[in-house]
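The values are calculated or read from the model by the stated rules, or taken from the named source; none is laboratory data. In this text, all values refer to a predicted model and were calculated from it rather than measured experimentally. Note that each Cβ is placed from the backbone with ideal geometry, even for glycine, and that neighbours are counted across all protein chains shown.
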């Protein structure tokens, strides 16, 4: 069973761009998977709600609701930043969903598949050999 870890910025896409990332996960996969998020990502979302306004605040609020609604597994984490947590918790069955360009490049260098958003409307699974 594959494990898809969702980065904080990726969970904010459903509200910002009106995209159903969960049906897109199902569309692009040809394997069984479980969805996960680090506890620190939840803290980041709460921080956004507290300190920002407008679409970012609403996106973060919606993301917190989605975590509960979609029963996303929460991985207990230390006080590290989410990017470090992601990079330090990889195995052969891990796929990362992120929009962070630097993180995406690091993951692909390590050979970890990444799910990205294309044309603001659909997801694509990118593997090292496909990425230039």
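Restricting to the stretch 21-41, name every residue that is under 23 Å from residue 121 (Cβ atoms), outside any helix (DSSP H, G or I) and modelled with pLDDT of 95 or more.
35, 37
Can you name the residue in the stretch 1-20 that is touching a residue at least 60 places away in the same chain (Cβ under 8 Å) and assigned to a helix (DSSP H, G or I) and is also farthest from residue 100 (Cα to Cα) among such residues? Talk me through it step by step, then tell me what you get.
Looking only at the stretch 1-20, we keep the residues that are touching a residue at least 60 places away in the same chain (Cβ under 8 Å), and these are 1-10, 13, 17, 19.
Cutting the leftovers down to assigned to a helix (DSSP H, G or I) gives us 8-10, 13, 17.
Values: 8: 10, 9: 8, 10: 9, 13: 12, 17: 16 Å.
Among those that are touching a residue at least 60 places away in the same chain (Cβ under 8 Å) and assigned to a helix (DSSP H, G or I), it is 17.
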